[in-house]
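Engineer: Structure provided below as structure tokens; questions to follow.
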């Protein structure tokens with residue numbers, strides 16, 4: 001079994017002691033993926049995500065939802081929270097988890113291997129990615145900062 005948490009995480013920068021506000025939570029199956037993606041997009045946009053950041057975040061979470069359905073028993077749950085200026089998506093399933101170590105490779109799988117790109121894509125399209133793999137399933141958490149620091153004016 002893999003370690004409980006992978007090193008693919010960074011501090012979200014949220015102020016200590018601030019509580020994250022739940023934006024959206026929903027259980028899903030394969031039949032729900034399209035509607036869930038549209039709901040996620042509306043909620044993420046309402047929370048303040050815009051443009052390419054919005055598109056990237058939605059694509060990343062959609063990959064994780066698809067992985068949960070495909071590899072995690074056909075169903076899962078999505079929880080979207082806002083912590084200060086950081087949007088956080090937790091995608092959980094109740095599958096058997098990873099057969100070996102949690103995938104940490106920075107590169108894509110071999111070209112002749114079907115699949116295996118969802119986590120790589122999610123990692124590249126978000127600010128942080130954390131994988132928790134345990135006996136009750138897998139939770140993948142991704143984050144995206146709502147604001148880009150402005151350049152200092154002179």
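The values are calculated or read from the model by the stated rules, or taken from the named source; none is laboratory data. Nothing here was measured: the structure is a model prediction, and the numbers come from that model. Cβ: placed from backbone, ideal geometry, glycine included. Neighbour counts: every protein chain shown.
Engineer: Identify the residue in segment 20-44 that is in contact with a strand residue (DSSP E or B) (Cβ under 8 Å, 6 or more places away or on another chain) and closer than 16 Å to residue 60 by Cα and, among all such residues, is surrounded by the most Cβ atoms within 10 Å (Cβ to Cβ).
Structural biologist: Out of the qualifying residues, it is 44.
Engineer: Among the candidates 112, 90, 136, single out the residue that is modelled with pLDDT of 85 or more and loosely packed, with under 14 Cβ neighbours inside 10 Å.
Structural biologist: Selected residue: 136, the only one of 112, 90, 136 that is modelled with pLDDT of 85 or more and loosely packed, with under 14 Cβ neighbours inside 10 Å.
Engineer: Among the residues of segment 128-140, how many are more than 18 Å from residue 54 (Cβ to Cβ) and in a strand (DSSP E or B)?
Structural biologist: Selection size over segment 128-140: 9.
Engineer: Would you list the strands (runs of 3 or more DSSP E) that sit entirely within segment 17-99 and hold 1 or more residues that are within 11 Å of the chain's Cα centre (by Cα) and touching a residue at least 40 places away in the same chain (Cβ under 8 Å)?
Structural biologist: 75-83, 86-92
Engineer: Given the conditions (1) out of contact with any helix residue (DSSP H, G or I) (no Cβ under 7 Å at 6 or more places or on another chain); (2) modelled with pLDDT under 95, report the number of the one that residue 141 does not fulfil.
Structural biologist: (2) is the only condition that residue 141 fails.
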